[in-house]
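The values are calculated or read from the model by the stated rules, or taken from the named source; none is laboratory data. As the structure is a prediction and not an experimental result, all values here were calculated from the model. Here the Cβ is made from the backbone with ideal geometry for all residues, glycine too, and neighbour counts use every protein chain on show. Protein only, heavy atoms only, side chains kept; ligands, DNA and RNA dropped before computing areas. Shrake-Rupley method; radii C 1.70, N 1.55, O 1.52, S 1.80 Å.
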Amino acid sequence: MSKIDYHRQTVIVTGASSGLGAEFARQLARRGANLVLVARRADRLESLAAELTRAHDVTVTAIARDLGLPDAGRTLRAELESRGIYATGLVNNAGFGTNDAFTDEDPDRLQSMIALNVSALVDLSRAYIDPLTAADTGVLINTASLLGFQPIPYMGVYAATKAFVLSFTESLWEEAHGTNLRVLAVCPGAMQTEFFDVAGNQSADLGTKRATPEQVVTIALDTLDRRSAPPSVVTNSRSLVLLGKLLSRRAMVRLMGWMARRSHTQPTAPANS
Ligand SMILES: NC(=O)c1ccc[n+]([C@@H]2O[C@H](COP(=O)([O-])OP(=O)(O)OC[C@H]3O[C@@H](n4cnc5c(N)ncnc54)[C@H](OP(=O)(O)O)[C@@H]3O)[C@@H](O)[C@H]2O)c1
């Protein structure tokens, strides 16, 4: 396998209205991909679509959609195909996290998080796995997280959704072996995006250095271009994963709890509910 030619691709990017998703859209457009941008904030999507269409010779379609609703993947595919848009690539990137003691978490917000981070991602993957596999070079990128490698007290549900994404995507990587579909779980450490505003606590980065979305997307797309691409890539703060291999699970979860309590400041009001 060799470098992917995105000129013949139409790639769906979810969560493209900010942060990592917007950057995936920018770098994929630069590589020649036509795009479908999906998120709830239509104005953001429309202005990014206009920017990318102006700057590159690509077609960009903006779809304002709450992916937390049931059957997100099947509904999106039906709508796109009714408009003659047949995707060969999918970046399942939309997601959010919460940061609080489990006893203080809002049950509705937890359900919304699981619906988006897990259910929508699975439904979109299932809706598109056949056309992606049939494409000359299909691409499936799922955004997991560094926090998917170990439990994270005070972000317990979020970390578990990302452990799910990591495990699920690595399984798909193996199932796609011998086909034209390339699968990758991207596992960023903390990044400079709106994530921490939405989580309501800037200290949820546990004091680690934040990468830029540019750095993370460059590593992700370069990794997928490799002759023998791995099932997942940790893009920054890799030492946390190494630590998890050295310590017992008891020691690791204690350490994560200590780091969370140490860096904890008063949570601010969530920007997105
Ligand atoms: N930032 C970090 O430190 C970090 C680290 C590791 C992994 N991640 C993961 O990276 C991914 C991107 O997050 P980010 O850091 O770029 O944060 P972000 O700037 O907050 O972006 C999140 C994106 O998800 C979209 N979204 C949220 N709820 C949605 C819904 N119900 N339906 C459709 N779209 C929805 C948002 O758009 P709308 O609000 O317009 O819908 C936005 O485009 C997430 O999966 C996150 O878990 C982030």
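Computing FRET efficiency as 1/(1 + (r/R0)^6) for GLN202 and SER171, where r is the C-beta to C-beta distance and R0 is 25 Å, gives about 0.15. Using Cβ point charges alone (K and R +1, D and E -1), the dipole size of the chain about the Cα centre works out to roughly 800 debye. Carbon-plus-sulfur accessible fraction, the chain (probe radius 1.4 Å, protein heavy atoms only): 53%.
In terms of packing, defined here as the mean over residues of other Cβ atoms within 10 angstrom, the peptides 14-26, 82-94, 232-244 line up highest first as 14-26, 82-94, 232-244.
When only the Cβ of Lys, Arg, Asp and Glu is charged (+1, +1, -1, -1), the dipole of the stretch 1-91 relative to its Cα centre reaches about 160 debye. Per the Cα gyration tensor, the chain maps to an equivalent ellipsoid with semi-axes of 30, 21, 17 Å, ordered largest to smallest.
Full extension of the chain between SER228 and GLN111 yields a length gain of 38.4 nm, computed as 0.36 nm times the residue separation minus the alpha carbon distance. Among THR103, THR223, THR59, the largest mean-square fluctuation in a Gaussian network model of the chain, built with springs joining Cα atoms closer than 10 Å, belongs to THR103.
Taken about its Cα centre, the stretch 44-110 carries a charge dipole of about 440 debye when Lys and Arg each add +1 at the Cβ and Asp and Glu each add -1 at the Cβ.
Using a 1.4 angstrom probe, figure out how much accessible area the stretch 145-246 has per residue, in square angstrom, rounded to the nearest whole.
With the other protein chains kept in place, the stretch 145-246 gives 43 Å² per residue.
Taking the Cβ of GLU79 as the centre, find all other residues whose Cβ is under 12 Å away and add up their charges (Lys, Arg: +1; Asp, Glu: -1). Spelling it out: positives minus negatives among the neighbours equals +2. One decimal place: the segment LYS209-ASN180 gains 6.8 nm when fully extended, by the rule 0.36 nm per residue minus the C-alpha distance.
Any chance you could run the full-extension gain for ASP43 through ARG250? It's 0.36 nm times the residue separation minus the Cα-Cα distance, nm to one decimal.
69.9 nm
Which distance in nm do the two modelled labels at ARG54 and LEU243 give, with both placed 7 Å along the Cα-to-Cβ direction? Here the modelled spin labels are 4.4 nm apart. Excluding residues fewer than 8 places away in the same chain, name every one of the lysines whose C-alpha is closer than 24 Å to that of LYS162. Qualifying lysines at Cα under 24 Å: LYS209, LYS245.
Per the helix-only calculation at 222 nm, which mean residue ellipticity applies to the chain, given -39500 (n - 2.57) for every DSSP H run of n ≥ 4 and division by its residues, nearest 500 deg cm²/dmol?
-13500 deg cm²/dmol
When the chain is treated as a GNM with alpha-carbon contacts under 10 Å, the residue of ALA49, ALA211, ALA190 showing the greatest mean-square fluctuation is ALA211. Near PRO151, once Lys and Arg are set to +1 and Asp and Glu to -1 for all other residues with Cβ below 13 Å from its Cβ, the sum equals +4. Computed with a 1.4 Å probe over protein heavy atoms only, the accessible surface of the stretch 1-128 comes to 45 Å² per residue. For HIS7, the solvent-accessible surface with a 1.4 Å probe is about 130 Å², rounded to the nearest 10.
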